[in-house]
Amino acid sequence: MTWLRPRAADRRRWEASLRSAILLIVLSACAIPPALGFPSPGPTTPEVGPPTATLPPEPETLVVCLRDEPSSLYLYADLAPEANAILEAVYDGPVDVRAYGVQPVALEKLPTFADGDLRVETAAVGEGDLFYNPESRQPDNLRVGSPYLPDGCGSGDCAETFGGGRVRMDQLVAEFRLLPDLRWSDGQPLRAADSVFSFHVDADVATPSTKYEVDRTYAYEQVDERTVRWTGIPGFRDHSVAGYFWSPLPEHAWGGIAPADLPDSPEARSPLGWGPYQIEEWTPGRHVRLAPNPNYARAGEGLPRFERLIYRFLGAESSSGLDQVSTGECDVLDESVLGAIALAEIGAAAQSGQIALSVAGGPMERLDFRVSAFADGRPSLLADPRTRRALAGCVNRDRLEEELAGGWTSVPSTFLPPDHPDFRAPDEPIGFDPAAAQATLESAGWSDVDATPSTPRRAHSVEGVAEGTELILTLGTTDDGFHAAMVDDLVADLAACGIGLKLRVFSAGDLFAAWPDGPALGGSLDLIVWGWPALDPATCELFSSWQIPGDHNPLGVNASGWADPDFDRSCLVLMSDQAGDPSYEEALVLTQDLLAASSPMLPLFLRPRMIASAPDVCGLQADPSALTVLSELEAARRGEACG
């Protein structure tokens, strides 16, 4: 799939930030009790004694409380969200995703066609050469009979079949230039060669990474001390080229360590960085302590503002995080901690002034409909878009958002959040209207034969469905309290429209398992409730025909089985073309209109992302698309500095 990839490992790291776990870890050493006050007995004559030494002032400290202790800080490990939070203090970019946009941090700029540092060149490709197969959407070796995109062709509409010899294909090239005078925290210069070194580490077979970007890379090379050049494999295009700059790793310190040994090495546990802080001490089961990086590029701006940064691990005590803000044991509560606290409790604490709270919309909860036939050949009861839209009209999404997201986010009408700059309101949005939905069900052939909503409707002249079949659907979701509460409401809403549900509950790993084993992607459920990131117009790929799982495509993620050639063509434009082109705007409108009209899925609501702090701490803002809510940690400040 194509996603915004600000670092080569960030897609996996972003998804990892949605996980949850529980540990019992209490760090009492970071809690400094307030001085106890006693009534004064009145003035006394001071006793003259030897002078006392003047103690240095306590360093200005910021305590960030996380839920779990991460097992690794290695960039190419399967990182927990708490690891991402710590790495935000160690690294600075090299690019960030904020407000749904990619922003250069350690780079001078992002490559653009207008500036010439992003360009399309022409490659001659022969039999056996690596290229991008437009049919499988995967890197492949060119063979006689292979489909390919000739030069100047950007979609399958103009694909040709290879017949031998050499053919010409487009090849995307991007050049990235680091900011001048960047240094590692040990004082060594940060060079383009460090990014090339990182690429080779990522590419090594022993490195536990996805290899998505590596497999689509023809060459990654140093141009000069600050510039690297990425060249994609012939035929491959990606609208998000920022993901093809590899986050640097310190070759001068790690170059002698085999990639297979890096994940468990002391160096990877306490990595060098170029960000605002450097790791000073890691006390297992308690905390990680960091000090300012004296070589930080923005040190001249007075950043970071704290002399010491401490990450505490609360574990099973996370539910008491709000109290620990009140006692001064925590200055900041990461979203990993807030996820263990009831939304009503968080809201009450914010309203009373106990905490300062910032909230943004996050992952999108969706109800996906099985459109095509099941894996065992059974016809879908939801093949008619009228039936799907009727089901959608029976669901009170505003109530779901109020109950499960605290009323802090929103109810989307397309696959993009309403605050996304590329959101386009569809011509046929779906609203909560049970009466109209039931009339639509009747017109689609689902009759309420006994005029009682408590019994399921039955099929009457529904194409492909046996006469009298009950409208009873199998709904699958994950085994957590959040989705259990959501399903209870869905069952009630759909029952009121004469729709029966059979519930199946799975672990997240089982539900998301690939074809043919997974119940969702293996095609055995009518309905699926699950959450997905909603960051980018290229999210349209989740609903493309080439993402339908099957023997030919076991890693596909379009569980609905829905396919529309017009949608596919428009989605390819969003994945390949640059914003600002007229075809891009047309594709934005068409993809969102088609998906809303056909309704292979119903966007339910956005889950909240939040960060809380003591009332005197400011500068932290939750962002809907950042890898972690601590993405601007270097800007945190306290007290008078907040004025």
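The values are calculated or read from the model by the stated rules, or taken from the named source; none is laboratory data. Keep in mind it's a predicted model, so treat the numbers as computed, not measured. For neighbour counting, all protein chains shown are included, and Cβ atoms are generated from backbone atoms with ideal geometry for every residue, glycine included. Just the protein is used for accessible areas: all its heavy atoms, side chains included, with ligands, DNA and RNA removed. Shrake-Rupley method; radii C 1.70, N 1.55, O 1.52, S 1.80 Å.
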With respect to residue 210, determine if the residue is within 20 Å of residue 262 (Cβ to Cβ) and either among the polar types (S, T, N, Q) or part of a strand (DSSP E or B) (or both). yes
Exclusive hit being open to solvent by 10 Å² or more (accessible area, probe 1.4 Å) and free of Cβ contacts under 8 Å to residues at least 24 places away in the same chain, set 386, 370, 378, 399: 378
Residue 520 versus (1) within 12 Å of residue 391 (Cβ to Cβ); (2) open to solvent by less than 10 Å² (accessible area, probe 1.4 Å): which is the lone unmet condition? (1)
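Can you find even one residue in the stretch 420-435 that is touching a Cys at 6+ places or on another chain (Cβ under 9 Å), of a type in the set (Phe, Trp, Tyr) and without any contact (Cβ under 8 Å) to a residue 40 or more places away in the chain?
Looking through the stretch 420-435, at least one residue is touching a Cys at 6+ places or on another chain (Cβ under 9 Å), of a type in the set (Phe, Trp, Tyr) and without any contact (Cβ under 8 Å) to a residue 40 or more places away in the chain.
A quick yes/no check of all residues on (1) open to solvent by less than 10 Å² (accessible area, probe 1.4 Å); (2) over 30 Å from residue 87 (Cβ atoms); (3) at pLDDT 90 or above:
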residue	(1), (2), (3)
536	yes, no, no
565	no, yes, yes
605	yes, no, yes
617	yes, no, yes
636	yes, no, yes
If I ask for residues that are open to solvent by less than 30 Å² (accessible area, probe 1.4 Å) and more than 23 Å from residue 201 (Cβ to Cβ), which ones from the stretch 86-110 would you list? 100, 101
Can you pull out every residue in the stretch 203-217 that is acidic (Asp, Glu) and open to solvent by 40 Å² or more (accessible area, probe 1.4 Å)? 204, 215
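Check 291, 253 and return the single one that is among the small types (Gly, Ala, Ser) and either closer than 30 Å to residue 174 by Cβ or in contact with a His (Cβ under 8 Å, 6 or more places away or on another chain) (or both).
Matching residue, one of 291, 253: 253.
Kindly indicate whether residue 429 is assigned to a loop (DSSP other than H, G, I, E, B), more than 30 Å from residue 359 (Cβ to Cβ) and open to solvent by 40 Å² or more (accessible area, probe 1.4 Å).
Judged against the criteria, residue 429 is not a match.
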Within the stretch 218-274, the residues that are open to solvent by 60 Å² or more (accessible area, probe 1.4 Å), in contact with a Ser or Thr (Cβ under 8 Å, 6 or more places away or on another chain) and modelled with pLDDT under 95 are 237, 269
Strands (runs of 3 or more DSSP E) enclosed by the stretch 111-202 - at least 2 residues per element that are surrounded by fewer than 16 Cβ atoms within 10 Å (Cβ to Cβ) and among the small types (Gly, Ala, Ser): 118-126
How many residues, within the stretch 477-505, are under 22 Å from the mean Cα position of the chain (by Cα) and open to solvent by less than 30 Å² (accessible area, probe 1.4 Å)? 4
